[in-house]
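Okay, so here's the structure we're looking at.
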Amino acid sequence: MSSNNDSIGKTLTVTILLCVICSVVVSAAAVLLKPKQVANRELDRKSNILAAAGINDASKSVDELFAQIETRYVDLDSGKFVDEPVTNYDATKAAKDTELGHPVPRSEDIASIKYQANVMPVYIVRDSANELEKVILPVHGYGLWSTLYGFLALEGDLNTVVGLGFYSHAETPGLGGEVDNPAWKALWPGKEVYGDDKTDPEIRLIKGSVGADTSDAEHKVDGLSGATLTSNGVTHLLQYWMGENGYAPFLNNLRAGEA
C-alpha cells in the first residue's frame with residue numbers, strides 16, 4: 001500500500017519548511033535592504049531641510065546642495081554649541097534615553113511631546129563672507145491624530161521665517177493633512193516668530209484668514225480649514241520649540257555671538 005501523502009506529519013513538515021524558507025528570505029531581504037533604507041531616510045532628511053530653507057537647484061544633487069549646510073549640535077539648556085553626543089545621534093531616540101533626554105513636565109508641555117532630547121541638531125547656512133544666512137531647526141509636536149515632525153527655517157536675523165515643512169505626520173487628508181499643501185506652506189515666508197523682546201514667540205495660526213487689516217499680521221498665519229486641533233497643534237509646537245524650553249536661549253546666544 002502506498003504511503004498517505006496527506007498525513008498530518010507530512011503536512012506539518014511541509015508547513016514548517018515553508019515557514020523556515022519564508023523567514024530566511026524575509027530576513028535576508030531586510031538585511032540586504034537596510035543600507036538602502038538608511039540611505040533613503042538620510043536623503044529624505046536632507047531634502048526636507050533644503051526645502052524648508054528654500055534651497056533649490058535642479059542642476060545639482062541633494063548631496064551637492066546639502067554640502068553648503070553645516071550640521072551643529074546645541075545643548076538646549078545652555079543654548080550653546082556642543083559636540084555630537086554620540087555617533088549617528090538621533091534626537092528622537094535620545095529623548096527617551098535617561099542620559100540623553102528627559103521627561104517634559106506636563107505644565108510646560110504645550111506641544112504634547114512628553115520627552116525631550118537634551119541636545120538637538122541645528123543646520124546652519126553661511127554666505128560667502130561666512131556670515132550667518134539661515135538657520136534650520138527641527139520641530140515636532142502633537143496635532144489631532146499624530147506627532148508632526150518638521151523643520152522651521154529662519155533668516156539670518158533669527159526671526160523672519162524662510163519656510164516651514166513637515167516630513168512625517170498622520171493628520172486627516174484634506175483637513176489637517178493640508179500642512180502639506182504648497183499653497184498653505186507659501187503663507188509662511190516673511191512671517192516673524194518674535195516680537196520686540198525676541199524671547200516670547202508670537203507666531204500662531206488663527207481661525208480664518210489673515211487679511212490686510214489683521215492686527216499683528218506679521219505673526220499670524222491662516223488656520224487649516226476644518227482642522228482646528230491640527231492648527232492648534234502647529235501653533236503649540238512652534239511656540240514650544242521657539243520658547244525658553246526650546247531654541248530661544250540658543251537663538252539669543254547666536255544673536256549675541258555667544259553660541
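The values are calculated or read from the model by the stated rules, or taken from the named source; none is laboratory data. Small disclaimer: the values here were computed from a predicted structure and weren't measured. Every residue, glycine as well, gets a Cβ built from its backbone with ideal geometry; the counts of neighbours run over all protein chains shown.
Suppose we filter region 76-101 for residues that are in a loop (DSSP other than H, G, I, E, B), touching a strand residue (DSSP E or B) at 6+ places or on another chain (Cβ under 7 Å) and of a type in the set (Gly, Ala, Ser); how many remain?
Here the count works out to 1.
Residue check: is Leu187 closer than 20 Å to Leu229 by Cβ, of a type in the set (A, V, I, L, M) and crowded, with 16+ Cβ neighbours inside 10 Å?
Spelling it out, Leu187 is indeed closer than 20 Å to Leu229 by Cβ, of a type in the set (A, V, I, L, M) and crowded, with 16+ Cβ neighbours inside 10 Å.
Going by what's in this entry, would Ala170 be described as on the phi < 0 side of the Ramachandran plot, modelled with pLDDT of 95 or more and not in a strand (DSSP E or B)?
When the stated conditions are applied, Ala170 passes them.
Which condition does Ala183 not pass, out of (1) assigned to a helix (DSSP H, G or I); (2) in contact (Cβ under 8 Å) with a residue 24 or more places away in the chain, if it passes all the others?
Unmet for Ala183, out of (1) assigned to a helix (DSSP H, G or I); (2) in contact (Cβ under 8 Å) with a residue 24 or more places away in the chain: (2).
Restricting to region 85-109, what's the tally of residues that are crowded, with 18+ Cβ neighbours inside 10 Å and of a type in the set (Val, Ile, Thr)?
1
Among the numbered criteria (1) at pLDDT below 95; (2) under 24 Å from Asp157 (Cβ atoms); (3) more than 22 Å from the chain's Cα centre (by Cα), which single criterion is violated by Thr199?
All conditions pass for Thr199, except number (3).
Looking only at region 38-82, filter to residues that are among the basic types (Lys, Arg), without any contact (Cβ under 8 Å) to a residue 60 or more places away in the chain and within 23 Å of Gly156 (Cα to Cα); which one of those is surrounded by the most Cβ atoms within 10 Å (Cβ to Cβ)?
Within region 38-82, the match that is surrounded by the most Cβ atoms within 10 Å (Cβ to Cβ) is Lys46.
Only residues that are polar (S, T, N, Q), in a loop (DSSP other than H, G, I, E, B) and in contact (Cβ under 8 Å) with a residue 60 or more places away in the chain: list them for region 102-118, please.
Within region 102-118, just Ser112 meets the criteria.
So that you can scan it fast, the table gives a plain yes or no per residue for (1) within 19 Å of Ala117 (Cβ to Cβ); (2) over 15 Å from the mean Cα position of the chain (by Cα); (3) among the β-branched types (Val, Ile, Thr):
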site	(1), (2), (3)
Asp44	no, no, no
Ala51	no, no, no
Asp63	no, yes, no
Val86	yes, yes, yes
Leu100	yes, yes, no
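Asp197: within 26 Å of Phe81 (Cβ to Cβ), without any contact (Cβ under 8 Å) to a residue 24 or more places away in the chain, surrounded by fewer than 17 Cβ atoms within 10 Å (Cβ to Cβ) and not polar (S, T, N, Q), yes or no?
Criteria met by Asp197.
Which members of region 119-143 meet the condition of being buried (at least 19 other Cβ atoms within 10 Å of the Cβ) and in a loop (DSSP other than H, G, I, E, B)?
If the condition is that a residue be buried (at least 19 other Cβ atoms within 10 Å of the Cβ) and in a loop (DSSP other than H, G, I, E, B), then Gly143 is the only one that fits.
Scan region 243-259 and report the pairs whose first residue is touching a residue at least 40 places away in the same chain (Cβ under 8 Å) and whose second residue is assigned to a helix (DSSP H, G or I) and surrounded by fewer than 20 Cβ atoms within 10 Å (Cβ to Cβ), with Cβ atoms within less than 6 Å and a gap of 6+ or a chain change.
So the pair list comes out as Ala259/Asn253.
Given the residues Ala28, Ala58, which is the only one that is part of a helix (DSSP H, G or I) and either in contact with a helix residue (DSSP H, G or I) (Cβ under 7 Å, 6 or more places away or on another chain) or not acidic (Asp, Glu) (or both)?
None of the other options fit; the residue is Ala28.
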